[in-house]
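The values are calculated or read from the model by the stated rules, or taken from the named source; none is laboratory data. Keep in mind the model is a prediction, meaning the values are calculated, not measured. Because the Cβ atoms are built from the backbone with ideal geometry, glycine has one as well, and the counts that use them run over all protein chains shown. For accessibility, only protein heavy atoms count, side chains too; no ligands or nucleic acids. Shrake-Rupley method; radii C 1.70, N 1.55, O 1.52, S 1.80 Å.
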Amino acid sequence: MSEFHRNIPAIVAVVTLFTCLGLLSQQGLAAEKPAGNPRIIDGSRVTYFSQITVPGEYEFEVRDLGQFIQGRHQLPPALERVVAGMKTGDEKKVELSAEEGFGTYDAGKKKTVPKSDLPAGTKEGDVLKDRAGHEATVTQLSERYAVMDYNHPLAGKPLSIKISILRVDDPS
């Protein structure tokens, strides 16, 4: 029998010992982390799923899977207040007025531009970015001109939002 084969039981014992020590140290590290399901606080990175329903004559629903960082105003302020304190698995339904949602509709945010400034094949309803990177919806097209609407598509509309929190990552 070779020297290696005679030492197999010792090698197995050492590997087993190191494996056990590694597991014990991982359990020790896990015990140092706060237990439980973190709640949404300022700085939390949140993954969510939302269903936004716009009531009215032409009721429609928008579904969105997204992320935001609490406190950075990436959501309407009223919705940001509602999600504060929620945790993974929580769901809420909230009704927002047009002002609480995406604001009132501002007719002054429409701009008429030469149709030649738009990409070929542009149609009414297309959402384009201007040279400054601002999004606008093409609301009217004629042979020579186009009307660009810089309002958010949901501006001026009350909203019913069901939000499900999929994951909350602590800011630390």
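Checking each residue in region 94-116 for being within 8 Å of Lys157 (Cα to Cα) and among the aliphatic types (A, V, I, L, M) picks out only Ala98. Scanning region 47-81 for residues that are of a type in the set (Gly, Ala, Ser) and within 19 Å of Asp170 (Cα to Cα), we see that the one that is surrounded by the most Cβ atoms within 10 Å (Cβ to Cβ) is Gly71.
Taking every residue in region 121-143 that is without any contact (Cβ under 8 Å) to a residue 40 or more places away in the chain and pairing it with any residue that is open to solvent by 100 Å² or more (accessible area, probe 1.4 Å) and assigned to a loop (DSSP other than H, G, I, E, B), at least 6 positions away or on another chain, the pairs with Cβ-Cβ distances below 9 Å are Thr137/Glu124; Val138/Lys123; Val138/Glu124; Thr139/Glu124; Gln140/Glu124; Leu141/Lys123; Leu141/Glu124. Taken over region 137-172, the criterion of being more than 23 Å from Pro55 (Cβ to Cβ), more than 21 Å from the chain's Cα centre (by Cα) and surrounded by fewer than 16 Cβ atoms within 10 Å (Cβ to Cβ) is satisfied by Gln140, Ser142, Glu143, Arg144, Tyr145, Tyr150.
For region 82-136, list the strands (runs of 3 or more DSSP E) that sit wholly inside it and hold at least 1 residues that are at pLDDT 95 or above, surrounded by 13 or more Cβ atoms within 10 Å (Cβ to Cβ) and of a type in the set (D, E, K, R); which are they? Step through it out loud before you land on a result.
Numbers: elements: 91-96, 110-114, 127-129.
Output list reads 91-96, 110-114.
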